[in-house]
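Enquirer: The structure that follows is given in the form of structure tokens.
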Amino acid sequence: MAESKLDVILIIEILGKPADYLKESLSNLIEKLSKEKGVTLINKKIAEPKEVDKENAIYSSFAEVEIGVSDISTLMILIFSYMPSHIEIINPEFLNVKNYDLNMFFNELARRLHQYDEIAKITIMEKNILIKKLQELQKIQEISKQQEQQKKEEKTKDEITKQEKKKKSKKKN
């Protein structure tokens, strides 16, 4: 592992409701982050939540967190665990990274990409199944409507035929 300490700024974003819950959630997340092995909290700023969807009262907020990290491996793990939207290594300017650390990072990245790809493919398959079922239901509904229409037409024809028979019967008498 790299021996130098890293100073890093992370931007962590959150979306939800109500607004107070966002601030509380970010505070709890930062608290959890600061207790991670090899992490030292240097500074934190939590932005006031802003409404992004008035119709559903959904808010967005973010935290800018400056941390000290013991090594690059720890930073890589934090990236996967906390999914920051922005990462900035402040210090040191140059990094000496072992290939083991990079291999670990890239293998974890590849594993997660495969995992997300699998989820996306399953979701697409399920969506296609739902679309087919909806189309089948629409066809059944259309057939049912056509059958109802045919019954109405037959009923109307029967009534007309009955009326005509009554008229003929009256004319004979």
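Enquirer: For SER34, work out the one condition from (1) under 18 Å from the mean Cα position of the chain (by Cα); (2) among the small types (Gly, Ala, Ser); (3) surrounded by fewer than 16 Cβ atoms within 10 Å (Cβ to Cβ) it doesn't fulfil.
Expert: Only one criterion is unmet by SER34, namely (1).
Enquirer: So, one more: What are the residues in region 84-109 that are within 18 Å of LYS37 (Cα to Cα) and without any contact (Cβ under 8 Å) to a residue 60 or more places away in the chain, if any?
Expert: Those that are within 18 Å of LYS37 (Cα to Cα) and without any contact (Cβ under 8 Å) to a residue 60 or more places away in the chain: MET104, PHE105.
Enquirer: OK, next. Quick check on this structure: which one of LYS132, LYS127, LYS157, LYS139 is of a type in the set (D, E, K, R), modelled with pLDDT under 90 and not assigned by TED's automatic domain parsing to the domain that holds LEU75?
Expert: Selected residue: LYS157, the only one of LYS132, LYS127, LYS157, LYS139 that is of a type in the set (D, E, K, R), modelled with pLDDT under 90 and not assigned by TED's automatic domain parsing to the domain that holds LEU75.
Enquirer: For region 16-48, enumerate the residues that are in contact with a helix residue (DSSP H, G or I) (Cβ under 8 Å, 6 or more places away or on another chain), in a helix (DSSP H, G or I) and more than 17 Å from LYS5 (Cα to Cα).
Expert: Hit for region 16-48 is LEU29, nothing else.
Enquirer: If the requirement is being closer than 22 Å to ILE14 by Cβ and outside any loop (DSSP other than H, G, I, E, B), which of these qualifies: LEU75, LEU137, LEU109, LEU130?
Expert: It is LEU75.
Enquirer: Looking at (1) over 24 Å from the mean Cα position of the chain (by Cα); (2) part of a strand (DSSP E or B); (3) of a type outside the set (Gly, Ala, Ser); (4) surrounded by 14 or more Cβ atoms within 10 Å (Cβ to Cβ), find the lone condition where GLU64 falls short.
Expert: Just one mismatch for GLU64, condition (1).
Enquirer: For region 69-81, how many residues are surrounded by fewer than 16 Cβ atoms within 10 Å (Cβ to Cβ) and modelled with pLDDT of 95 or more?
Expert: 0
The values are calculated or read from the model by the stated rules, or taken from the named source; none is laboratory data. In this text the structure is predicted, and so the values were computed from the model without any measurement. Cβ atoms come from the backbone with ideal geometry, glycine included; neighbour counts cover every protein chain shown.
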